[in-house]
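None of the figures in this text is laboratory data; all of them are computed from the coordinates on show. Just so we're clear, the structure is a prediction, and the values are computed from it rather than from any experiment. With ideal geometry, Cβ positions are generated from the backbone for all residues, glycine too; neighbour counts draw on all protein chains shown.
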Ligand SMILES: Cc1cc2nc3c(=O)[nH]c(=O)nc-3n(C[C@H](O)[C@H](O)[C@H](O)COP(=O)(O)OP(=O)(O)OC[C@H]3O[C@@H](n4cnc5c(N)ncnc54)[C@H](O)[C@@H]3O)c2cc1C
């Protein structure tokens with residue numbers, strides 16, 4: 001049975017998961033053409049070669065790119081993980097470049113397996129700029145001016161690079177995209193005052209990497225809220241009994257935020273914990289001094305309480321299912337708390353939290369909330385804040401990741417042609433949804449899901465769902481349906497995964 005040519009646009013983690021899932025289910029006749037302009041095939045933006053201080057942000061049990069095989073990454077890592085043990089977490093947390101080797105290895109094995117089965121697999125080292133229907137097929141035009149005919153498309157283009165919120169592009173001393181930090185920090189003089197835009201996980205990467213390079217100058221994290229990500233708590237054996245996908249699916253009449261809160265309340269009551277105290281603590285995240293909050297959370301890394309652990313885990317497992325059932329009013333309530341929700345759902349790893357606290361305590365690092373404007377002036381930067389007046393900085397590093405469902409600028413022209421040809425539509429809350437069964441979207445660009453950015457388990461689930469939809473039902477033993485990323489794919493395991501805020 002010939003299934004024609006599958007065009008995979010973008011070769012990051014999502015594409016690695018997709019190739020792996022295709023190889024696991026493929027019959028003997030097919031073709032895949034992968035389009036990727038970057039030299040770092042299968043690694044995407046986060047997992048390319050970089051400093052050793054740039055670490056993965058989740059334990060191995062939830063870093064498997066093979067959906068349904070939670071030991072896949074752990075098995076690949078083997079004893080090599082021992083030298084990267086995070087004492088707080090109690091598990092290995094390796095440099096992201098090392099994790100990139102795993103993605104590369106997985107994708108290359110999948111390519112070899114597909115070829116062994118007679119598939120034609122080719123990689124085109126060029127970006128796709130446009131798609132157009134032609135004689136029952138889709139013509140993809142690449143940046144090198146060539147045209148490639150495919151029968152189905154998996155859009156795996158990721159979330160893209162930071163937006164330039166303060167219009168600083170081109171200003172000397174402005175770093176528009178921090179990665180790879182091995183390159184961008186190389187040109188930063190060690191005694192300069194560095195202002196990092198953002199206080200999320202990427203800003204934490206920048207601060208701890210500056211420290212690892214023995215930076216002596218001041219480091220300021222600039223943000224509107226001043227809120228840091230919460231801190232991972234060491235995984236424990238607790239298995240949720242109330243806040244579960246099964247309980248959500250029992251409620252055929254729909255679900256509200258109050259129902260979800262009641263389930264968490266039950267979960268915590270069973271463990272003898274106070275739900276109202278957890279809610280009060282989360283509400284305080286917006287106003288509490290970040291250093292004091294960080295200190296309390298560092299002290300709680302190995303504490304036995306389950307409340308925040310369950311909430312963090314549920315945001316990635318129960319969350320996508322519940323989101324689809326929530327009334328729009330409740331989705332808006334959650335969106336209004338998206339900064340806090342993201343900081344709980346995507347915590348920072350203990351080793352980085354401890355380092356950050358040391359930097360704050362030593363006075364080298366500070367967090368400036370209420371940033372209003374940053375301008376390039378007199379050979380440096382003027383930072384205007386509502387709370388601390390004006391500050392000067394020598395170098396500004398942009399560490400604000402694009403919001404989930406943003407269309408990366410590298411794929412903007414392509415998305416426009418897909419929408420114009422009625423192959424895709426823009427989702428009202430951002431992102432893109434297929435309007436033609438030949439299109440599948442995996443990763444952050446997939447519209448319609450919650451506001452958290454994709455984690456590895458979400459990508460793996462989305463990739464597996466796309467593979468099922470791309471292959472004939474006779475091969476997969478499953479019914480086919482269009483896929484649209486993590487919100488649609490099912491994370492079978494209760495994974496407490498990490499996403500970027
Ligand atoms: C800095 C960072 C760190 C992260 N760390 C973790 C972590 O530790 N654990 C975790 O679970 N999750 C993490 N995530 C979340 C998630 O794992 C990553 O975002 C993941 O890399 C997403 O994979 P992707 O393939 O969807 O996108 P990407 O990795 O961004 O890959 C997309 C690829 O598409 C290519 N592309 C774009 N446009 C085109 C085009 N027009 N034509 C052809 N190719 C194109 C790009 O060059 C790129 O290689 C992290 C995210 C970020 C941003």
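Let me make sure I get this right: for segment 332-470, a, b and c are the square roots of the gyration tensor eigenvalues over alpha carbons, sorted descending. Under 1.5 in a/c it's rounded, otherwise prolate if a/b > b/c, else oblate. Which is it? If you can, show how the numbers build up before the last one.
Working: a/c = 2.69, a/b = 1.80, b/c = 1.49.
Prolate is the answer for segment 332-470, as a/c is 1.5 or above and a/b outweighs b/c.
Testing the spin-label approximation: label points 7 Å from Cα along Cα→Cβ at residue 216 and residue 108. State their distance in nm.
The modelled label-to-label distance comes out at 4.3 nm.
Rank these for me by crowding, 126, 346, going from fewest to most other beta carbons within 10 Å.
Numbers: 126 17, 346 25.
Least crowded to most crowded, the residues run 126, 346.
Where Rh is the Kirkwood radius over the Cα pairs of the chain, the temperature 25 °C and the viscosity 0.890 mPa s, what D in µm²/s does Stokes-Einstein return? Please report the intermediate quantities before stating the final value.
Details: Rh = 23.5 Å.
Diffusion coefficient, whole number: 105 µm²/s.
Could you work out the equivalent-ellipsoid semi-axes for segment 245-345, taking the square root of 5 times each eigenvalue of the Cα gyration tensor, largest first, in whole Å? Present the calculation step by step, with values, prior to reporting the outcome.
On the way: eigenvalues 123, 55, 24 Å².
The three semi-axes for segment 245-345 are 25, 17, 11 Å.
Could you give the length gained on full extension between residue 75 and residue 287, defined as 0.36 nm per residue of separation minus the Cα-Cα distance, in nm?
On the way: separation 212, 0.36 × 212 = 76.32 nm, distance 4.28 nm.
Computed gain between residue 75 and residue 287 is 72.0 nm.
Compute the angle between helix 96-116 and the longest alpha-carbon principal axis of the chain, please, reported from 0 to 90 degrees and rounded to the nearest 10.
0 degrees
Please give the contour-minus-distance gain from residue 186 to residue 416: 0.36 nm per residue of separation, less the Cα-Cα distance, rounded to one decimal in nm. Don't skip to the end; give the middle numbers.
Details: separation 230, 0.36 × 230 = 82.80 nm, distance 3.71 nm.
So the extension gain works out to 79.1 nm.
Sum -39500 (n - 2.57) across every DSSP H segment of at least 4 residues in the chain, then divide by the residue count to get the 222 nm mean residue ellipticity, nearest 500. Don't jump to the answer; show the numbers that get you there.
Working: 16 runs with 173 residues, N = 501.
So the helix-based figure for the chain works out to -10500 deg cm²/dmol.
How would you order 458-465, 357-364 from highest to lowest mean count of nearby Cβ atoms within 10 Å? Can you show the working numbers first?
Values: 458-465: 30.5, 357-364: 14.5.
Peptide ranking by packing, descending: 458-465, 357-364.
Go ahead and run the numbers for FRET between residue 29 and residue 384, Cβ-Cβ distance against an R0 of 45 Å, rounding to 0.05.
0.15
What order do you get for 73, 179 when you list them from fewest to most C-beta neighbours inside 10 Å?
Details: 73 25, 179 22.
The fewest-first ordering by Cβ neighbours comes to 179, 73.
For the chain, what proportion of DSSP beta bridges, expressed in % and rounded to the nearest 5, is antiparallel? Can you show the working numbers first?
Details: 27 of 61 bridges.
Around 45 percent antiparallel, to the nearest 5.
As a footprinting exposure proxy, order 348, 63, 227 by other Cβ within 10 Å, with the fewest listed first. Intermediate results must be reported in sequence, preceding the final value.
Working: 348 26, 63 30, 227 22.
Going from sparsest to densest Cβ surroundings: 227, 348, 63.
Along the Cα-to-Cβ line of residue 252, 7 Å from the Cα, sits a label point; which residues in segment 318-342 have backbone N less than 12 Å from it?
Residues passing the 12 Å test: none.
Compute the distance from the alpha-carbon center of segment 81-143 to that of segment 28-50, in whole Å.
What the calculation gives is 4 Å, centre to centre.
With just the Cα atoms defining each centre, how far is segment 376-436 from segment 299-313? Give it in Å.
After rounding, the separation between the Cα centres reads 32 Å.
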